[in-house]
Amino acid sequence: MATLAERLEKCYTGAVFDVLRGRGITDTVLPKDVRPIDPSKTLAGPVFTVKGSPKPGIDGHESLLRWTEFLSQAPEGHVVMSTGQDDERALMGELSAETLQYRGVRGYVTDGGCRDCDFIINIGFPVFARFFTPRDIVGAWTPDSFEEPLDFMGVRINPGDYLIADIDGAVVIPGAIAEDVISEVEKIMETESLVRKAILEGVSPKDAYLQYGKF
């Protein structure tokens, strides 16, 4: 049986947003400048949160030690969401992406930057970031805490929430209603397929909408 993450990965952000909007939840879309390094990838899964911050002048060894501690803790089957309070540095790169992928992490989302993008695209690890830069964290930045609520650019993220991200953007589903929302999205997608089929068979868009109540 497919996991929730696998089911969600077959959905798309527009349908997820529509379902959440129907429940009166509209504040779970990440800002539009969080973009995929590979637009062909859809990322979905339960969230593992990371908070970090700049540490000007920190010893390079110490910064890497703390970074590798994070890599060792990121759990299989999850999406890592990282806030960095940093507009200068890449908070994901080649070796880290390959390590997370090997450990079974589904992907990575950050309000910071990414580097080594060509390599990461080639290995197929989904990363969503705000910008690209060769500047890394060594001697300048560390993760501080894990599995705590995040303020991700104005969107509250709780450990155990679910995220779906694709070419259109990223949406967070509160963990307590994730299964219900995903089931509703799946039903909507089935209905949309019926609407599409009807229109392609000659039914007017208006009549198709009236028949199925969805467009």
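Normalised by the number of residues in segment 4-174, what is the relative contact order in percent for Cα pairs under 8 Å and 6+ residues apart? Please list the in-between numbers first.
Working: 403 pairs, mean separation 61.5, N = 171.
In percent, rounded to a whole number, it is 36.
If I stretch the segment between Leu210 and Arg156 completely, what's the gain in nm (0.36 nm per residue apart, minus their alpha carbon distance), one decimal? Numbers along the way, then the final one.
On the way: separation 54, 0.36 × 54 = 19.44 nm, distance 3.69 nm.
Contour length minus the Cα-Cα distance gives 15.8 nm.
Dipole of the chain (Lys/Arg Cβ +1, Asp/Glu Cβ -1, origin at the Cα centre): which of Tyr209, Ser63, Thr99 lies farthest to the positive side?
Ranked along the dipole, the leading option is Tyr209.
Given a Förster radius of 41 Å and the C-beta distance between Ile177 and His61 as r, what FRET efficiency does 1/(1 + (r/R0)^6) yield to the nearest 0.05? Each step should come with its number before you reach the end.
Working: r = 44 Å, r/R0 = 1.07.
The pair Ile177/His61 has a calculated efficiency of 0.40.
For the chain, what is the calculated [θ] at 222 nm in deg cm²/dmol (nearest 500), taking -39500 (n - 2.57) for each run of four or more DSSP H residues and dividing by its residue count? If you can, show how the numbers build up before the last one.
Details: 7 runs with 77 residues, N = 215.
Result for the chain, helices only: -11000 deg cm²/dmol.
Need one word for segment 44-163: rounded, prolate or oblate. Basis is the Cα gyration tensor (sqrt eigenvalues a ≥ b ≥ c); a/c below 1.5 gives rounded, then a/b vs b/c decides.
Values: a/c = 1.40, a/b = 1.14, b/c = 1.23.
Note, shape of segment 44-163 comes out rounded.
Kindly flag which residue pairs out of Lys41/Lys187; Lys41/Lys214; Lys10/Lys55; Lys41/Lys197 have an alpha-carbon separation exceeding 28 Å in this structure. Can you show the working numbers first?
On the way: Lys41/Lys187 23 Å; Lys41/Lys214 26 Å; Lys10/Lys55 39 Å; Lys41/Lys197 26 Å.
Beyond 28 Å: Lys10/Lys55.
Helix 178-200 sits at what angle to the longest principal axis of the chain, using alpha carbons and giving 0 to 90 degrees rounded to 10?
Roughly 50 degrees, rounded to the nearest 10.
So which GluC sites (Glu not before Pro) in segment 29-118 end up in coil per DSSP with only 14 or fewer other C-beta atoms within 10 Å?
Listed in order of number, the matching sites are Glu76, Glu88.
Enter the Cα centre distance for the pair segment 11-67 and segment 173-215, rounded to the nearest angstrom.
27 Å
To the nearest 10 degrees, how steep is helix 13-22 against the longest Cα principal axis of the chain, on a 0 to 90 scale?
Approximately 70 degrees, to the nearest ten.
If one takes the longest principal axis of the Cα atoms in the chain, at what angle in degrees, from 0 to 90 and to the nearest 10, does the Cα axis of helix 60-73 lie?
Computed tilt is about 40 degrees.
A short reminder: the numbers here are calculations on the coordinates, not readings from a lab. What you see is a predicted model; the values in this text were computed from it and never measured. Using ideal geometry, Cβ is built from the backbone for each residue, glycine included, and neighbour counts are taken over all protein chains shown.
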